1. Report every pair of residues separated by at least 6 positions or lying on different chains whose Cβ atoms are under 6 Å apart, first residue within segment 407-418 and within 11 Å of W91 (Cβ to Cβ), second surrounded by fewer than 17 Cβ atoms within 10 Å (Cβ to Cβ).
2. Provide a single number: the residues in segment 127-164 that are open to solvent by less than 30 Å² (accessible area, probe 1.4 Å), part of a loop (DSSP other than H, G, I, E, B) and within 23 Å of A333 (Cα to Cα).
3. Would you be able to tell me the number of residues in segment 215-229 that are free of Cβ contacts under 8 Å to residues at least 12 places away in the same chain and either closer than 17 Å to I136 by Cα or open to solvent by less than 20 Å² (accessible area, probe 1.4 Å) (or both)?
4. Give all pairs with beta carbons closer than 6 Å in which a residue from segment 245-261 that is within 21 Å of M111 (Cα to Cα) and within 16 Å of ligand 1 (Cβ to nearest atom) meets a residue that is among the β-branched types (V, I, T) and assigned to a strand (DSSP E or B); count only pairs at least 6 apart in sequence or on separate chains.
5. Tell me yes or no: at least one residue of segment 192-200 is of a type in the set (D, E), open to solvent by 20 Å² or more (accessible area, probe 1.4 Å), at pLDDT 95 or above and not in a helix (DSSP H, G or I).
6. Please list, ordered by residue number, the strands (runs of 3 or more DSSP E) wholly in segment 1-118 having 1 or more residues that are within 16 Å of ligand 2 (Cβ to nearest atom), in contact (Cβ under 8 Å) with a residue 40 or more places away in the chain and open to solvent by 10 Å² or more (accessible area, probe 1.4 Å).
7. Can you pull out the residues in segment 202-211 that are in a helix (DSSP H, G or I) and either in contact (Cβ under 8 Å) with a residue 60 or more places away in the chain or closer than 19 Å to E184 by Cα (or both)?
8. Could you figure out which of (1) closer than 16 Å to E245 by Cα; (2) surrounded by fewer than 22 Cβ atoms within 10 Å (Cβ to Cβ) isn't true of R272?
Amino acid sequence: MDEEMPFIQGHLITENDRITYIGTEAPEDQGQFTEIVDGTHKVIMPGLVNTHNHAAMSFLRGYADDLNLQVWLQEKMWPIEGKFTALDVKWGTALSVLEMLKGGTTTFVDMYDHMGEVAKVVEMSGMRGCLTRGVIGLVPPEVQQAKLEDAVSFAKEWHGQAGGRITTMMSPHAPYTCPPDYIEKIVQAAHDLDLPIHTHMSESPGEVEQNVKQYGERPVEHLRKLGVFGRPTLVAHAVHLTDEEIDVLKQYDVRVSHNAGSNLKLASGIARVPDLLRAGVLVSLGTDSSASNNNLDMFEEMRLAALIHKGVSGDPTAVPAGTALRMGTADGARSIWLNDTGMLKAGMKADFIALDADQPHFYPKSNFISHIVYSASAKDVTDVWVDGEQLVRKGICLTLDEEQVKYEFSRCFERLTQ
Ligand SMILES: CSC[C@H]1O[C@@H](n2cnc3c(O)ncnc32)[C@H](O)[C@@H]1O
Ligand SMILES: [Zn+2]
């Protein structure tokens, strides 16, 4: 991280949606700029990239705590999610987008239903989103078909929209919710549209066991045989992996979204992140939804990633601070095939954030990589830019009306829970 993103006292210049200069030299003619932002007492860093979320599930924050994945999903999430309308998805997502933007996340991956609503919120908010209609195939064939068609038409309509800020993927929800022939159809659709695949994989021990019972093999081999890894793939969780499976992920360049907070809360286990990193697998960080986290604070995910692997391995260098920071920024962007964001460098997209570094927990002002990972939180973010546009100023979101979002969210919540 040090080489890619040195901490300097200096200047950053943007033009339109790009960073054009970053360095210590002050630009000569300051009159040429339309706006000058004073960065005294600020840390400027790349925007955070959350590579796994279900934003509309903000309604379910605190709804079902202290349960394991299968009980949580089958007995709590799915029954109430069955009541979600497009309007609920709109305002549930808007609340999450507000939370993410105010907390310094500039790009997120979202897998859900009613994705047109999600895309409209992303478009209006100015954020960057890699969006995907998640499909659960435990339904009659005609419903499966309709869901797949919905996923395809969403991707066709929105890929590349919002000035290129929206990209899309195809998503079988998980091997345990999508029969093999359905997964093959989704892979074919991804191939036809030239899109990546995003899926949940090997999150809990129970699901791995069930996969072996039902299909005679573990999820990685199952998905490999179904052709999933023939497409660019991002898997969420990947907690329960063998050495051989790690090799397969590396061989197929499968990217892993590590969701430490969610995995801990649902008692799913702890992913083998140091082994994945050693094998050369690209690992990024995700919050999963606020129903299993229960916030969307990517600083917390960086901190957890840096801490828990030290704890379980007994190796204090298992995930160093610089690695956690890279997983939350540059590697997050790369893991969703965005090669021009996630770093502060001339030529990259102007997606960056400012933290108020004049707070006690940022002193001494010495090792900011350490401070960002081990001391900071979403609350430290003061300003956010995406594509060179300022979206948050002094903690206030400029693109979404926070009071309106909270009001409409609360109306939807009352209806959903009455
Ligand atoms: C088909 S839309 C997304 C679907 O995923 C569910 N979900 C949320 N978090 C998790 C998780 O950690 N593992 C598996 N599935 C998850 C969510 O409830 C939606 O139904
Ligand atoms: Zn998930």
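The values are calculated or read from the model by the stated rules, or taken from the named source; none is laboratory data. Note that the structure is predicted; figures quoted are calculated from it, not measured. With ideal geometry, Cβ positions are generated from the backbone for all residues, glycine too; neighbour counts draw on all protein chains shown. Side chains are part of the model used for accessible areas, which takes the heavy atoms of the whole protein and leaves out ligands, DNA and RNA. Shrake-Rupley method; radii C 1.70, N 1.55, O 1.52, S 1.80 Å.
1. Note: pairs meeting the criteria are L416/K83.
2. So the count comes out to 2.
3. 0
4. Going by the 6 Å Cβ cut-off, the qualifying pairs are V256/V235; V256/V283; H258/V283.
5. There is at least one residue in segment 192-200 that is of a type in the set (D, E), open to solvent by 20 Å² or more (accessible area, probe 1.4 Å), at pLDDT 95 or above and not in a helix (DSSP H, G or I).
6. Numbers: elements: 11-15, 18-23, 42-46, 48-50, 105-112.
Result: 105-112.
7. P205, G206, E207, N211, listed by residue number.
8. (2)
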